[in-house]
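Data block below; observations after.
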Amino acid sequence: IKKLNDNLYDAIILSSAGIKSLGLEEKISQIFSTSEIIPSAGQGVIALQCRKDDTYSVEVLNKVNHWPTHNGIKAERNVLKVLGGDCETAVGAFASIESNKINLEAELFSLDGSERFHLKLSKEIEKADELGIEMGKALKKISNNSYKK
């Protein structure tokens with residue numbers, strides 16, 4: 001934000017929740033929908049974790065877990081795993097749940113940002129893991145084919 005205020009950036013995209021928590025909501029000039037910009041995998045999700053062998057905590061967490069969100073995040077994260085994505089990778093993944101279907105939309109950009117590879121796929125919600133892997137592989141294939149041209 002300081003760099004933006006010092007005119008080192010023309011613009012910056014940040015979480016509106018983070019900006020609001022800093023009391024700077026008047027600085028927000030535009031809010032993007034997920035149809036305009038696909039967020040990074042797992043954005044906006046609160047995660048709780050514990051030791052795998054802590055049966056009591058696992059039991060408690062299973063009771064409070066929101067399973068549709070859990071499945072959506074599994075799909076989004078699997079896209080990143082297949083692509084080998086990290087904080088520096090220009091990739092977005094967004095899952096939404098409708099009835100018993102999980103819809104996954106993802107995009108990957110070339111290193112120089114000149115090409116966008118975009119896909120939408122759906123599966124039954126219990127196949128969230130598969131969906132993310134399938135999406136990652138498909139994005140990897142189309143981006144690799146583009147670089148071979």
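The values are calculated or read from the model by the stated rules, or taken from the named source; none is laboratory data. Every value quoted in this text rests on a predicted model; they were computed, and no experiment measured them. So basically every Cβ, Gly included, is an ideal-geometry build from the backbone, and we count neighbours across all protein chains shown. With ligands, DNA and RNA removed, areas are computed over all heavy atoms of the protein, side chains included. Shrake-Rupley method; radii C 1.70, N 1.55, O 1.52, S 1.80 Å.
Return, for the Cα atoms of the chain, the radius of gyration and Dmax in Å, separated by a comma.
17.9, 55
Solvent-accessible area per residue for the chain at a 1.4 Å probe radius, Å²?
Heavy-atom accessible area per residue stands at 72 Å².
So what's the convex hull volume per residue for the Cα atoms of region 63-134, in Å³?
84 Å³
Once you have the Kirkwood Rh of region 22-106 from its Cα pairs, apply Stokes-Einstein at 25 °C and 0.890 mPa s and quote D in µm²/s.
In µm²/s, the coefficient is 162.
For region 1-113: lysine pairs with Cα atoms under 25 Å, gap of 8 or more or different chains, count?
Within region 1-113, the lysine pair count is 11.
What is the local net charge at L4, summed over the other residues whose Cβ is closer than 9 Å to its Cβ (Lys, Arg +1; Asp, Glu -1)?
Surrounding charge for L4 is +1.
Using DSSP H assignments, which helices in the chain have an axial alpha-carbon span of 15 Å or above and a mean Kyte-Doolittle hydropathy of -0.5 or higher?
Those that clear 15 Å and a mean of -0.5 are 67-83.
Evaluate the distance, in nm, between pseudo-label points positioned 7 Å from the Cα of A90 and of S114 along their respective Cα→Cβ axes.
1.1 nm
Determine the share of the chain's accessible area contributed by carbon and sulfur atoms, expressed in whole percent, with a 1.4 angstrom probe.
Of all accessible area on the chain, carbon and sulfur atoms account for 52 percent.
How big is the gap, in Å, between the Cα center of region 60-110 and the Cα center of region 15-48?
17 Å
Just in region 18-59: which GluC sites (Glu not before Pro) are loop by DSSP and have at most 12 other Cβ atoms within 10 Å?
E36
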